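Novice: Got a structure here, written out as structure tokens. Questions coming.
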Number of protein chains: 2
Amino acid sequence: MAAGRPTIIDVARDAGVSPATAGRVLGGYGTPSPELVRRVQDSARRLGYRANDVARSIVTGSTRVIGVVVSDIENPFFARAVNGISDRARAAGYEMLLVSTRMDLARERSAVEALMAKRVDGMIVASASVSEGGHLRRVREAGVPLVLLDRRNDGAGAVDSVLLDNRAAAQRAVSHLLDLGHRAVAVVTSATPSESRSARRRRSAAEFPSSLRFEGYLDALDEAGVTCDPGWVLRCDDADAACERVRDLLVTRPEVTAVFATTNVMTGGAFRAIMDGDRRCPEDVSLMGFDDHEWSTLVRPQLSVVAQPAYDLGAAAGTVLLGRLAGPGSRSAPSETILQSSLIVRGSVAAPPA
Amino acid sequence: MAAGRPTIIDVARDAGVSPATAGRVLGGYGTPSPELVRRVQDSARRLGYRANDVARSIVTGSTRVIGVVVSDIENPFFARAVNGISDRARAAGYEMLLVSTRMDLARERSAVEALMAKRVDGMIVASASVSEGGHLRRVREAGVPLVLLDRRNDGAGAVDSVLLDNRAAAQRAVSHLLDLGHRAVAVVTSATPSESRSARRRRSAAEFPSSLRFEGYLDALDEAGVTCDPGWVLRCDDADAACERVRDLLVTRPEVTAVFATTNVMTGGAFRAIMDGDRRCPEDVSLMGFDDHEWSTLVRPQLSVVAQPAYDLGAAAGTVLLGRLAGPGSRSAPSETILQSSLIVRGSVAAPPA
DNA sequence: GTGAAAGCGCTAACAG
DNA sequence: CTGTTAGCGCTTTCAC
């Protein structure tokens with residue numbers, strides 16, 4: 001007790017019991033007698049004792065911490081999902097080691113490595129990659145339960161995942177546009193540099209949400225017998241790029257009467273371009289966005305979107321992971337949870353000009 | 001090595017060296033010979049060894065983890081601040097245990113307690129309270145460095161803090177409205193139930209950002225010789241309440257020609273009310289918001305705001321905390337870092353109707 | 001029900 | 001430079 005914070009030994013001495021008994025009281029295990037419980041608790045309070053989870057973890061082999069890796073906590077989708085995870089985790093007595101990788105795969109790798117060193121009991125990761133998964137495979141190999149959030153990963157092997165019905169959601173949204181009579185529908189997707197191509201080359205099942213939504217867009221066009229003009233497909237790195245590309249499109253492609261944005265970031269950029277341009281929304285051009293934001297109903301026209309249950313996705317990932325941690329069901333086959341999105345139609349979508 | 005993951009002992013045995021030497025190589029301390037370094041690293045790789053920070057922490061007394069407590073990670077202000085903290089922390093080799101308390105003080109208390117048990121090296125907290133600070137004082141008493149973010153706290157004692165120039169920022173913003181000729185300026189602030197009153201009763205220095213901004217509003221009115229009509233002051237719990245109150249105000253108080261919102265949440269509500277109402281913005285009524293959002297420039301009119309350097313606030317808090325952790329400067333007096341906000345004038349603010 | 005002793009995986013003295 | 005020996009603070013047998 002001299003230097004640092006009081007230990008269980010200090011408490012035991014003060015209460016006149018053995019360290020073992022003090023441990024039983026303070027650690028809440030075993031069956032100490034009521035009398036000793038009181039004495040030990042009194043001493044603990046007096047000395048200002050607080051349990052040392054580090055020491056506890058080393059012997060129990062569990063840290064009661066889960067690691068969460070997302071590409072950017074400032075993205076409202078991830079912020080909300082993290083709240084979902086966090087609520088589940090805390091309810092089960094877990095804390096959360098969070099890493100926001102800023103879209104940097106190298107940083108993600110080192111983060112995953114660091115979390116393993118910290119001996120998290122499990123991990124939830126929304127990877128910045130769908131093809132590079134060596135770091136995730138190593139998590140599995142180390143026997144640490146892993147849940148993939150929002151995207152699959154080729155290299156991770158068979159692993160639990162929680163996903164959105166991306167392709168179907170996009171198809172529904174674009175079909176809605178086509179049903180209104182639109183024929184030329186542009187799409188704004190995230191550029192997934194080379195990766196999605198190489199992934200496809202390997203007949204990969206894993207793709208980014210944005211790519212899957214693009215597939216859904218193609219599905220809808222197919223179904224309506226519309227041939228996709230390559231000029232309608234805008235691959236952009238960020239909101240600014242999206243804005244610029246859509247702005248161009250609006251003037252160079254007068255036949256386009258509707259735009260579908262596949263992510264919240266792209267949605268912001270596309271909306272900005274439309275606000276800046278000469279064509280009126282929805283009279284001249286319709287916009288269908290992805291993710292429902294606070295501002296969806298603050299702008300005019302109000303934004304039509306595919307709304308994701310971001311909180312539920314996070315919560316589901318938490319539930320799946322905690323299930324692995326709790327049960328000996330740890331041995332069961334990987335699960336895949338798919339949540340449904342919903343189409344919210346507001347003012348930014350209308351029939352094309354006559 | 002039999003059951004669990006390989007330990008330093010397994011590696012040592014495999015490499016034919018002592019555990020101490022293996023530790024020196026794997027832990028990066030001491031001065032092992034190049035020859036042994038190779039042998040140990042080879043063995044480590046072959047066995048798939050990864051350092052156990054838990055064991056390391058128990059002996060070094062440092063976890064290289066900081067605890068971060070915010071009221072809601074979905075609030076873009078905190079998300080951005082957390083990114084600032086996170087960047088600083090990772091650069092210094094720290095991970096971040098994050099708790100999003102959902103505005104619940106009880107949850108904050110238990111979170112702080114849990115983080116102490118987890119033996120975080122330091123903590124950054126944006127408390128849900130400015131008066132109740134027993135849990136924060138206990139952090140100090142345990143000798144754990146603490147930095148307050150975005151708000152002071154009465155009960156915490158003398159402690160490092162990183163704040164915005166709330167009062168001056170609000171005064172500038174409201175003065176801008178008054179300079180344009182507005183006389184009746186309403187203000188939308190967070191309701192801080194009873195707390196701010198009791199805090200004031202005790203002559204407290206600590207107040208919520210929202211309250212300080214309200215003071216700044218009063219300062220500006222004072223300076224302009226305008227008497228504040230109590231009917232202009234709207235205290236609201238959330239965005240919906242703000243929306244409703246402002247909607248009412250707009251019809252019942254025709255003399256009000258400008259509205260100042262003191263938080264990002266209130267800003268959203270106020271803007272919505274104005275969009276819903278009959279009075280045009282900015283011709284009939286001006287709106288000055290707080291915090292710059294992505295949507296500030298997506299709405300029409302574009303929103304004038306007091307912009308906070310949220311990332312910098314987080315980064316500064318990180319820097320201060322890491323300074324305490326690094327130096328023996330830990331003994332120096334508590335610092336108070338105050339960052340400046342900036343006024344961004346856009347279309348939502350204009351002179352009052354003639 | 002309680003205590004003594006061992007040990008979790010690692011680092012830190014201290015000898016050699 | 002390398003190995004031996006102690007622990008860090010706690011839980012967990014195992015006797016008593």
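The values are calculated or read from the model by the stated rules, or taken from the named source; none is laboratory data. All figures in this text were calculated on a predicted structure; none of them were measured in a lab. Cβ placement follows ideal geometry from the backbone for every residue including glycine, while neighbour counts extend to all protein chains displayed. When the accessible area is computed, the model is the full protein with side chains, heavy atoms only, and any ligands, DNA or RNA have been set aside. Shrake-Rupley method; radii C 1.70, N 1.55, O 1.52, S 1.80 Å.
Novice: Leaving ligands, DNA and RNA out of it, report the carbon-plus-sulfur percent of the accessible area of segment B:6-49 at a 1.4 Å probe.
Specialist: 54 percent
Novice: List for segment A:47-96: residues with 50 Å² or greater reduction in accessible area, all protein chains versus chain alone, probe 1.4 Å?
Specialist: A:R50, A:D53, A:V54, A:I58, A:I73, A:E74, A:N83, A:R90, A:E95, A:M96
Novice: In a GNM of chain B with a 10 Å cut-off on Cα contacts, which of B:L322, B:L47, B:L212 has the highest mean-square fluctuation?
Specialist: So, out of B:L322, B:L47, B:L212, the one fluctuating most is B:L47.
Novice: Evaluate the Debye formula for the protein assembly as shown with equal point scatterers sitting on the alpha carbons, no solvent, and hand back log10 of I(q)/I(0) at q = 0.05, 0.07, 0.08 Å⁻¹, in q order, two decimals.
Specialist: -0.29, -0.56, -0.72
Novice: Per the Debye formula with a single identical scatterer at each Cα and no solvent contribution, what log10 I(q)/I(0) holds for segment A:252-302 at q = 0.17, 0.20 Å⁻¹?
Specialist: Debye output, listed in q order: -0.47, -0.65.
Novice: With a 1.4 Å probe on protein heavy atoms only, tell me which residues of segment A:272-308 lose at least 20 Å² of accessible surface in the complex relative to the chain by itself.
Specialist: In segment A:272-308, residues shielded by partner chains: A:R272, A:M275, A:E294, A:W295, A:T297, A:L298, A:V299, A:R300.
Novice: Another question about this same structure. Leaving out ligands, DNA and RNA, what percent of the accessible area of segment A:164-323 is carbon and sulfur, probe 1.4 Å?
Specialist: Roughly 49 percent, rounded to a whole number.
Novice: Follow-up. For the protein assembly as shown, what is the accessible area per residue in Å² when the probe is 1.4 Å?
Specialist: In whole numbers, the protein assembly as shown has 40 Å² accessible per residue.
Novice: Just to confirm a number: summing +1 for Lys and Arg and -1 for Asp and Glu over residues other than B:T101 whose beta-carbon lies under 10 angstrom from that of B:T101, what do you get?
Specialist: Neighbourhood net charge equals +1.
Novice: While we're on this one: Can you send over the solvent-accessible area of B:R80, 1.4 Å probe, protein chains only, in Å² to the nearest 10?
Specialist: Ignoring ligands and nucleic acids, B:R80 comes out at about 100 Å².
Novice: Multiply the residue gap between A:V345 and A:E244 by 0.36 nm, knock off their C-alpha separation, and tell me the result in nm, one decimal place.
Specialist: 33.8 nm
Novice: How many Cβ atoms of partner chains, on average, are near each residue of A:97-104 if near means within 10 Å of its Cβ?
Specialist: Shielding by partners across A:97-104 averages 5.
Novice: Could you pull out every residue, at least 5 positions away or on a different chain, whose amide H is within less than 5 Å of the one on A:I124? Hs are placed 1.01 Å off N in the peptide plane, and Pro or chain starts have none.
Specialist: A:G67, A:V68, A:V69, A:V147
Novice: Could you order A:E336, B:E113 so the one with the most accessible surface comes first? Probe is 1.4 Å.
Specialist: Largest to smallest exposure gives the sequence A:E336, B:E113.
Novice: A drop of at least 10 square angstrom in accessible area, chain alone versus all protein chains together, probe 1.4 Å. Which residues of segment B:117-163 meet that?
Specialist: Listed in order, they are B:A117, B:K118, B:R119, B:R138, B:A142, B:V144.
Novice: Placing a label point 7 Å from Cα toward Cβ, how far apart in nm is A:P254 from its equivalents in the other copies, listed shortest first to one decimal?
Specialist: So the distances to the same position in the other copies read 4.7 nm.
Novice: In Å², nearest 100, what accessible area do chains A and B bury in total when the solvent probe is 1.4 Å?
Specialist: Accessible area lost upon association: around 5100 Å².
Novice: Which residue, A:V162, A:V226, A:V54, tops the fluctuation ranking in a GNM of chain A built on C-alpha contacts under 10 Å?
Specialist: Sorting by GNM fluctuation, first place goes to A:V54.
Novice: Could I ask something else about it? With an 8 Å cut-off on Cα pairs and a minimum separation of 6 or more residues, tell me the relative contact order of chain A in percent.
Specialist: Dividing the mean separation by the residue count of chain A yields 17 percent.
Novice: If you don't mind, another one. What nm distances, shortest first, do you get from the label point of B:A117 to those in the other copies when the point sits 7 angstrom along Cα to Cβ?
Specialist: Result, one decimal in nm: 2.6.
Novice: For the residue pair A:D276 and A:T60, what label-to-label distance in nm results when each label sits 7 Å from Cα along the Cα-to-beta-carbon direction?
Specialist: 5.5 nm
Novice: Which residue, A:Y217, A:Y29, A:Y311, tops the fluctuation ranking in a GNM of chain A built on C-alpha contacts under 10 Å?
Specialist: A:Y29
Novice: Also, I was wondering about something else. Hey, if we sort B:T263, A:T227, B:T60 by accessible area with the 1.4 Å probe, largest down, what's the order?
Specialist: A:T227, B:T60, B:T263
Novice: Taking a quarter of the surface of the Cα convex hull of segment B:275-340, what do you get in nm²?
Specialist: 6.3 nm²
Novice: With each run of n ≥ 4 DSSP H residues scored as -39500 (n - 2.57), what mean residue ellipticity at 222 nm is computed for chain B after dividing by its residue count and rounding to the nearest 500 deg cm²/dmol?
Specialist: Value at 222 nm, helices only, nearest 500: -13500 deg cm²/dmol.
Novice: Still on this structure, I have one more. Considering the convex hull of the alpha carbon atoms of segment A:1-160, report its projected area averaged over all viewing directions, in nm², one decimal.
Specialist: One quarter of the hull surface, i.e. the mean projection, equals 11.5 nm².
Novice: Roughly how many Å is it from the Cα centre of segment A:241-311 to that of segment B:66-134, as a whole number?
Specialist: Cα centroid to Cα centroid, the span is 35 Å.
Novice: For A:G30, place a label point 7 Å from Cα along the Cα-to-Cβ direction in every copy; what are the distances to the other copies, in nm, shortest first?
Specialist: Copy-to-copy label distances at A:G30, shortest first: 3.4 nm.
Novice: Binning at 10 angstrom from zero up to the longest distance, how are the C-alpha pair distances of segment A:203-257 distributed in percent?
Specialist: Whole-percent P(r) values from 0 Å outward: 19, 43, 33, 4.
Novice: Determine the principal axes of the Cα atoms in chain A, then give the extent along each, sorted from largest to smallest and rounded to whole angstroms.
Specialist: Sorted from largest, the Cα extents of chain A read 90, 43, 32 Å.
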